[in-house]
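Since the structure comes first, as structure tokens, the remarks are kept for the end.
Every read-out reported here was derived from the displayed coordinates using simple, explicitly stated rules and does not represent laboratory data. Here the structure is a predicted model, which means the values were calculated and not measured. Neighbour counts run over all protein chains shown; Cβ positions are idealised from the backbone, glycine included.
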């Protein structure tokens, strides 16, 4: 059952605490905020699967665990399938009546970083969504392989420098566009797909609740600013998320049944991508004269994407 | 409640069908699977049992074997009975998750229809996939025919799910020769089979929310070693449970199984050690040679893992010369079974001579005549008191003979 009173952040952030504060994520990491929001927005039983990555290595270091609910990690790529397998067993046991509590409402959630979601776990995610398991997959998108020291993933945007797509005298960093995974997941026909952000916590909590309440496979991409690899002060995480949503680098929207698009947050004052980039060390080189055109290029792409999202929303198809 | 399935006292089943009937009788809750020749019919049959109401379970047809085993891990941690099937490349793709399944101590049953590994691509039976799993922390039982594929699959659930074991179990059968050859099989009645396996008893159940569990934690140099040591001890100690389960199964079926099967070994001077369908071929050869006055016998590990170091030694310590047959390309080493049998025999008083044959790769036929030739060669070694050929030879290979290494004992 959903917790309905999402009014007071202080109250909400401490309700129903099934994710312990004791973990080893970097100070300023947005992952724990997003995970806590998910776990605090429902009273239902939760089975959580997690891909290998920052979240996993920081929350289940034997003999400790931060998870006060059922939790499983298998490998880098297969949290979606772990959740799917558990969900299949739930159905089988419910039919046979072998569950400890046959009437309890139970939800299945998988977490992965962008490396494990956009790249190595893409096939497992696609398969689990296509098969229609009743679960929600949440990608903690920090646009790089942060756990292994900041390598490029297919979620890394153009122009960011990473340890495997380096900026230098002959390179402006990553050359390729970010993969549009939200569109790909919507194209699977999943009943609920969204892109959400922790700074818009009420919208995010409602989106999570909607996903958990929706029968069938749901996918949510969340922006998770990474102070370590994006290179900003850990105290500025939510500020960075504000810049991400307000520059429309990360528009906040949902797609229902693969076609009905709703924009969930419209910034009153849209800021430039330049302002967003200037707040992070990973884009520092773009402010050199020879690479400034990349900032303009990204701004054009962002404008085009925002126009596309608005038109799709207006079209109501 | 599952529909009743009509069974005769004697059925004509191939190995795949036999294995799938065992899955039906055990009322497996979840099968997550991906098709691959020659094991495909096992999961197809499970799917058809679900579709026709003979099983109250979930059949999850996933997008790869890696996902198949991943789904099995998630399902098993959720506290029910889980099985799947695979072969060859599918087995190779699953390998990462095989280690994770055993590390999490999940009693999944995997029926492996043995097939060669590419390249070159080959769909026929050899033991490359079986050998690939030998360090994965799974119990590995070997069936030599369709009846045994059925029997071992039932036993596998009971062994793996025993709370003092808590390990996944593979049941191996040879691709095509067993999996696709119809033979007489005597199944147990449904009720007898189910009662033998018993209701699944969950342990550390992810769906018991009164006691949350964390599966697949991180450990580094501080704890990883202790976990792996406990796991190793569990698989070595499973020997007692395996023997108990075999004894209980004998009472119900009249069919007696041991961790190491011995045929005509009471007075044997020469022996073949082999796995799979080759065992039956070798038994015919040994019988014929006995008529010629050669005291030949056959030894076959029923249990490939835990490796029956103790029982192998017992079976072979009074022989003079032993040929160990490996149906897997050793890739620059002696065959794995040869190495393990030799290591066991090294600590016996008489230390029989041991030679190694690589044979039957990619389904190359292994004949009674070749088995006889190999046993006769052992006889020659025994008479000479040392190995008179190369220690490792290829059997049944086209072209010039291929062999490596000579003895220093002669």
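Numbers at a glance
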item	result
Kirkwood-based shape ratio for the stretch B:133-201, expressed as Rg/Rh from alpha carbons	1.00
Convex hull of Cα atoms in the stretch B:190-341, direction-averaged projection (nm²)	14.2
Highest to lowest packing among B:279-288, A:139-148, B:330-339, scored as the average C-beta count within 10 Å	A:139-148, B:279-288, B:330-339
Number of partner chain Cβ atoms within 10 Å, mean per residue of B:198-209	5
Reduced Cα scattering model of the stretch B:261-404, Debye log10 I(q)/I(0), q = 0.10, 0.14 Å⁻¹	-0.28, -0.57
Efficiency of FRET from Cβ geometry, residue A:177 and residue A:94, R₀ 45 Å, rounded to 0.05	0.55
Residue-averaged [θ]222 nm for chain A, counting only DSSP H segments that reach four residues, each worth -39500 (n - 2.57)	-10500 deg cm²/dmol
Ordering of A:104-116, B:351-363 by burial proxy (mean other Cβ atoms within 10 Å per residue, highest first)	A:104-116, B:351-363
Share of pairwise Cα separations in the stretch A:123-211, more than 15 Å, in percent	67
Sites residue A:269 and residue A:43 - FRET efficiency at Förster radius 35 Å, r taken between beta-carbons, to 0.05	0.40
Tilt relative to chain A, helix A:79-96 - C-alpha long axis, 0 to 90 degrees, to 10	20
Ordering of B:290-301, B:78-89 by packing [mean C-beta count within 10 Å, highest first]	B:78-89, B:290-301
FRET efficiency, residue B:210 to residue A:308 (Cβ-Cβ, R0 41 Å, nearest 0.05)	0.25
Average beta carbon contacts from partner chains per residue of A:103-112, 10 Å cutoff	1
Dimensionless Rg ratio for the stretch A:79-233, taking C-alpha atoms and the 2.2 N^0.38 Å reference	1.18
Inter-chain shielding of B:54-62 (mean C-beta neighbours from other protein chains, 10 Å cut-off)	5
Over the stretch A:179-317 - Rg/Rh using Cα atoms and the Kirkwood inverse-distance radius	0.99
Column: log10 I(q)/I(0), Debye, Cα scatterers of the stretch B:11-253, q = 0.08, 0.09, 0.16 Å⁻¹	-0.27, -0.34, -1.13
Alpha-carbon centroid distance for the pair the stretch B:209-226 / the stretch B:297-311, whole angstrom	33
Relative contact order (percent, whole number), chain A, Cα cutoff 8 Å, 6+ residue spacing	16
Chain B - mean residue ellipticity at 222 nm from DSSP helices (-39,500 (n - 2.57) per run, n ≥ 4, rounded to 500)	-12500 deg cm²/dmol
Rg [Å, one decimal], Dmax [Å, integer] - the stretch A:1-111, C-alpha atoms	14.8, 46
Zero-based 10 Å bins, Cα pair distances in the stretch B:1-95, whole percents	18, 49, 28, 6
Tensor-based shape of the protein assembly as shown (alpha-carbon gyration tensor, a/c under 1.5 rounded, otherwise prolate or oblate)	prolate
Whole-angstrom gap from the stretch B:320-384 to the stretch A:73-122, using each part's C-alpha centre	47
For chain B, Kirkwood radius (reciprocal of mean inverse C-alpha pair distance, Å)	21.7
Separation in nanometres of the label points that stand 7 Å from Cα toward Cβ, at residue B:236 and residue A:151	3.7
Stokes-Einstein D for chain A, Kirkwood Rh over Cα pairs, 37 °C, 0.692 mPa s (µm²/s)	165
Angle in degrees between helix B:336-346 and the longest Cα principal axis of chain B, rounded to the nearest 10	60
Label-point gap, in nm, between residue B:228 and residue A:163 - each point 7 angstrom along Cα→Cβ	2.4
Modelled label reach - residue A:278, point 7 Å along Cα→Cβ, the stretch A:290-317 residues with backbone N closer than 20 Å	A:290-303
C-alpha long axis of helix B:40-51 to longest principal axis of chain B, angle in °	20
